[in-house]
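Please treat every number below as a calculation from the coordinates, not as lab data. It should be emphasised that the depicted structure is a prediction, and the values quoted were computed from it without experimental measurement. Reconstructed Cβ throughout: ideal geometry from the backbone, glycine too, with neighbour counts over all protein chains shown.
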Amino acid sequence: LESEVVEARGALEVVLNSDETMALMGLSIRAKSGGKVDVARHEAVETILVAYRRALNGLLYQIKQAHEEVDNTQELLAMSLDSHRNSILQLNMRVSIATLALTGMAVPAGILGMNLTNGLEDIQG
């Protein structure tokens, strides 16, 4: 959309730079004068074209603002997703540490709880 507005604005600038083209656009003036073109009488056409140029400039500004808002929103969402990912990784790390701690306590109990003779069975008491 932005490129189309820029193209339209460029075409409008070309027409605004040519007095003869603007004079040829004044159809009612040409009809009244019998088809003769007075290059100096193009004020009405020029006024309309200048208004269109202002409208296109305003539209281009709005498009650029919308692009900036979209970019800012994308950056904000990316930061939010990064934050959530970091929280999930932190939770995963805590669960892994807790699992390691429980495993550290379960290994000696598993080794000593097996039916192995280690001399503790012979002790009275």
- Query: Which order, highest average first, do 4-17, 99-112 follow once you tally other Cβ atoms within 10 Å for each residue and take the mean per peptide?
  - Reply: 4-17, 99-112
- Query: In terms of the Cα gyration tensor, with a ≥ b ≥ c the square roots of its eigenvalues, is region 67-109 rounded because a/c is under 1.5, prolate because a/b exceeds b/c, or oblate?
  - Reply: prolate
- Where the Cα atoms of region 46-125 are projected onto their three principal axes, how long is each span, largest first, in whole Å? 114, 17, 8
- Task: In nm, give the distance between the simple-model label positions of Gln74 and Met105, each being 7 Å from the Cα along the Cα-to-Cβ direction.
- Result: 5.0
- Rounded to one decimal in nm, the spacing of the 7 Å Cα→Cβ label points at Ala66 and Ser3 is 1.7
